[in-house]
Amino acid sequence: MTKHRMYLKMLFNSLTRRRSRMIAALLAVAVGAAVFQGMMTICCDVPRQMEREFRSYGANMVLTAADDAALSLEDAARAVALLPEDKLVGATPYRYKPVRAHMQPLTAVGTRFEQVKKTSPWWRVEGEWPSDGNTLLAGANVAEFMGLEPGKGLTISGRNAKGARFSQEMTVAGVLRTGGPEEDFVFMNLPTLEELDGNPGTADLVEVSVACGSEELAKLSDSIRREISTVAPRSVKRVTSSEASVLTRLRTLVYMVTAVVLVLTMICVATTMMTVVLERRKEIGLKKALGAENFAIAGEFLGEGICLGAAGSLPGIALGWLLARAIGLNVFGRVIAFNPFLTLAALLVSTALTAAACVLPIRAAVAVEPSLVLRGE
Amino acid sequence: MDIAAQAANILELRDVSMDYGQVKALQDVSLAVRKGEWLAVMGPSGSGKTTMMNVIGCMDRPTSGEVLLEGQDVARLLPGALTEIRRDRIGLIFQQFHLISYLTALENVMVAQYYHSMIDEAEAMGALERVGLRDRAAHLPRQLSGGEQQRVCIARALINYPRLILADEPTGNLDEANEAIVLSLLRRLHEEGSTIVVVTHSPGVAAQAERTVVLEHGRIAQSFLNR
Ligand SMILES: Nc1ncnc2c1ncn2[C@@H]1O[C@H](COP(=O)(O)OP(=O)(O)O)[C@@H](O)[C@H]1O
Ligand SMILES: [Mg+2]
């Protein structure tokens, strides 16, 4: 038998024949590794996906006409086509028109509701979204003022772009709550407004939501400005400016919680190993009396620490992975991809931390005097 | 003492004192042990016997005095050097056996080889055979009787061919039958030329040695030849 094998044999036997001692430390390492693996997986994976979702809390780019003329929807569509397809959340045209309803002046807005749902997902509608040319969405303030509710009729009248009078019977499909100025307007499908007002194919502005950071957004704006001279893009800060910092703060919080758990794990491992060293003072003294060098004693306890770290980490990492999956599915509603790099990192980190937690116990072990083997208890 | 006598001494203590704070565990002890001698150390509890064994066995350094091991003063050596001397020259037998609980009898013997130099399983088995425990090689300490454990301890003590065997009350935890076995093993080691220092409370055990010294309050009170 080689010395190498004897070392492993002592290590293995010491661990397996004295199992109960190790269970608390093993559990602590497993929990630490699980939290590390779980939190890091979520931190790495979810924000990447959530950026897109966060971004959808409002347009971060607005397209208007470069001159005083109305914005051509065709030009706007060309501009939107310049944006990377996989990052485009939505693009919504808005066309404003002063009208009257039962002698009451108000602003009618033509838009595309299927895009509104993407760029303004916080809009809440009581009743139905408008579906055809005769239905509209009444802002909550308008509805209250005029006594409107879903199903009620409303006559919209005014003068079109050429000065001719128009009048249209419409039905309220739903009442809109946004908490913003939209509650003062009525919204209809853009083709309906185009029919009433004339000048089809134009809008006042197009709100665009792109899932990217502000630097990339500025670059995209520049390329639109270069390529399409009639369109003036500009970045807008709505929810967008705070979303990055919210994510950063959440991430920092998770890092801090993980760090605290890891510190607790290390304390638990250090305490267990210290107990083990105290319990085995006689054995350490004996080994020293037999001529063991300090580094041999240190190597044995370090070996035990590393085994403990690895043995606790493996199930812990598996657990953390399941935890991350469950949290991903139940809290964020998404499937989290397995990250082998992160898993390896988790294994190394938890094993290294376990070994680091053994430093003080090892110092205590090395300090044991050989003379104590001859002394009574 | 003349040069020839000094060369024949494997161990010599010169005015060795050991203080533990106020407690004077050893006071100016001087003692010479010849190569191949079998010496018994007796004395009441707390008289300094174990302290003397620790000093002789290079496990502790005295407060003052010289400890000559084969002519070399080890009293002032650093812990690292003491470790080396323990490993190469001293074999230890304990009252409490001190076998490692999670290793088999054979592995307990091999541990001494492990820290000493190379592991030789056949040789370790041979040592177990010498103490009559070949068939118990794979047993854990808790599966062995006290006498058997002590024999494993003896096998471990002699595996590296130490020049000095130190036994602190080796039969203190054994019944008469096992005491007889241990004594016959020590006698055989003595006949083979080993130097043995054995601490004991038992006059019967002490009588087996060639010479007895009696410690009292950290001093040598008597010294006499048994034969
Ligand atoms: N590490 C120590 N610290 C303080 N006092 C000690 C220590 N070791 C031994 N002593 C004291 O030294 C004296 C001698 O002890 P010891 O050598 O163990 O005696 P013996 O082995 O003869 O019973 C005793 O009074 C004991 O209390
Ligand atoms: Mg004693």
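The values are calculated or read from the model by the stated rules, or taken from the named source; none is laboratory data. What you see is a predicted model; the values in this text were computed from it and never measured. As a convention, Cβ positions derive from the backbone with ideal geometry for all residues, glycine included, and neighbour counts pool all protein chains shown. Heads up: the accessible areas ignore ligands, DNA and RNA and are worked out on the full protein's heavy atoms, side chains in. Shrake-Rupley method; radii C 1.70, N 1.55, O 1.52, S 1.80 Å.
With respect to B:GLY65, is the statement that it is among the small types (Gly, Ala, Ser) and either within 22 Å of A:LYS288 (Cβ to Cβ) or within 16 Å of ligand 2 (Cβ to nearest atom) (or both) true?
no
Given the options A:GLY299, A:GLY291, A:GLY305, name the one that is on the phi > 0 side of the Ramachandran plot and either within 14 Å of chain B (Cβ to nearest Cβ) or modelled with pLDDT under 90 (or both).
Result: A:GLY291 is the single residue among A:GLY299, A:GLY291, A:GLY305 that is on the phi > 0 side of the Ramachandran plot and either within 14 Å of chain B (Cβ to nearest Cβ) or modelled with pLDDT under 90 (or both).
Listed here are the residues, each with its yes/no results for (1) surrounded by fewer than 16 Cβ atoms within 10 Å (Cβ to Cβ); (2) at positive phi.
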residue: A:ARG165; (1), (2): yes, no
residue: A:GLN168; (1), (2): no, no
residue: A:PRO181; (1), (2): yes, no
residue: A:ASN189; (1), (2): no, no
residue: A:GLY201; (1), (2): yes, yes
residue: A:VAL206; (1), (2): no, no
residue: A:VAL261; (1), (2): no, no
residue: A:THR271; (1), (2): no, no
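Let's see how each residue does on (1) in contact (Cβ under 8 Å) with a residue 60 or more places away in the chain; (2) more than 16 Å from ligand 2 (Cβ to nearest atom); (3) over 28 Å from B:ALA207 (Cα atoms):
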site: B:PRO44; (1), (2), (3): yes, no, no
site: B:CYS58; (1), (2), (3): no, yes, no
site: B:GLU107; (1), (2), (3): no, yes, yes
site: B:ALA112; (1), (2), (3): no, yes, yes
site: B:HIS116; (1), (2), (3): no, yes, yes
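Starting from residues that are modelled with pLDDT of 90 or more, buried (at least 18 other Cβ atoms within 10 Å of the Cβ) and hydroxyl-bearing (Ser, Thr, Tyr), keep the ones in the range A:101-160 and report whichever is nearest to A:GLU207 (Cα to Cα).
Checking each candidate, the answer is A:THR111.
Collect the residues in the range A:285-313 that are outside any helix (DSSP H, G or I) and open to solvent by less than 30 Å² (accessible area, probe 1.4 Å), keeping them in residue-number order.
Residues satisfying the conditions are A:LEU290, A:GLY291, A:ALA292.
Collect the residues in the range B:79-97 that are open to solvent by 20 Å² or more (accessible area, probe 1.4 Å), facing another protein chain (nearest Cβ under 9 Å) and free of Cβ contacts under 8 Å to residues at least 40 places away in the same chain, keeping them in residue-number order.
Within the range B:79-97, B:PRO79, B:GLY80, B:GLU84 meet the criteria.
Look through the range B:201-227, keep the residues that are among the hydroxyl-bearing types (Ser, Thr, Tyr) and in contact with a strand residue (DSSP E or B) (Cβ under 6 Å, 6 or more places away or on another chain), and return whichever of them is farthest from ligand 2 (Cβ to nearest atom).
Residue satisfying both the conditions and the ranking: B:SER223.
So, in the range B:128-141, how many residues would count as being in contact (Cβ under 8 Å) with a residue 12 or more places away in the chain and either charged (D, E, K, R) or within 14 Å of chain A (Cβ to nearest Cβ) (or both)?
Result for the range B:128-141: 7.
I need the full set of residues from the range B:60-78 which are open to solvent by 10 Å² or more (accessible area, probe 1.4 Å) and either within 9 Å of ligand 1 (Cβ to nearest atom) or touching a residue at least 24 places away in the same chain (Cβ under 8 Å) (or both), in order please.
B:ASP60, B:THR63, B:SER64, B:GLY65, B:GLU66, B:LEU68, B:GLU70, B:GLY71
Out of all the residues in the range B:26-58, which are surrounded by 21 or more Cβ atoms within 10 Å (Cβ to Cβ), within 11 Å of chain A (Cβ to nearest Cβ) and within 15 Å of ligand 1 (Cβ to nearest atom)?
Passing the criteria: B:LYS49, B:THR50, B:THR51, B:MET52, B:MET53, B:ASN54, B:VAL55, B:ILE56, B:GLY57.
Considering every residue within the range B:170-193, establish whether at least one is open to solvent by 20 Å² or more (accessible area, probe 1.4 Å) and within 16 Å of ligand 1 (Cβ to nearest atom).
Yes, the range B:170-193 contains a residue that is open to solvent by 20 Å² or more (accessible area, probe 1.4 Å) and within 16 Å of ligand 1 (Cβ to nearest atom).
Determine, yes or no, whether A:ARG334 is surrounded by fewer than 21 Cβ atoms within 10 Å (Cβ to Cβ) and within 16 Å of ligand 2 (Cβ to nearest atom).
Here the answer is no, as A:ARG334 does not meet what is asked.
Within the range B:116-127, track down each residue that is surrounded by fewer than 23 Cβ atoms within 10 Å (Cβ to Cβ) and part of a helix (DSSP H, G or I).
Across the range B:116-127, the qualifying residues are B:HIS116, B:GLU121, B:ALA122, B:GLU123, B:MET125, B:GLY126.
Scan the range A:327-377 for residues that are part of a helix (DSSP H, G or I), in contact with a helix residue (DSSP H, G or I) (Cβ under 7 Å, 6 or more places away or on another chain) and not hydrophobic (A, V, I, L, M, F, W, C) and report the count.
Of the residues in that region, 8 qualify.
State yes or no: is B:LEU189 within 14 Å of ligand 2 (Cβ to nearest atom) and closer than 20 Å to A:LEU374 by Cβ?
no
For the range A:1-23, name all the residues that are more than 8 Å from chain B (Cβ to nearest Cβ) and of a type in the set (Gly, Ala, Ser).
The answer is A:SER20, and nothing else.
Take the residues of the range B:142-169 that are in a helix (DSSP H, G or I), within 12 Å of another protein chain (Cβ to nearest Cβ) and of a type in the set (D, E, K, R): which is surrounded by the fewest Cβ atoms within 10 Å (Cβ to Cβ)?
Selected residue: B:ARG142.
Within 16 Å of ligand 2 (Cβ to nearest atom) and in a helix (DSSP H, G or I): does that describe A:LYS282?
yes
Quick check on this structure: which one of A:ALA367, A:ALA346, A:ALA352 is within 30 Å of B:LEU92 (Cα to Cα) and among the aliphatic types (A, V, I, L, M)?
On inspection, the qualifying residue turns out to be A:ALA367.
Being among the aromatic types (Phe, Trp, Tyr) and touching a residue at least 60 places away in the same chain (Cβ under 8 Å) is the filter here, so list the residues in the range A:114-164 that pass it.
A:TRP122
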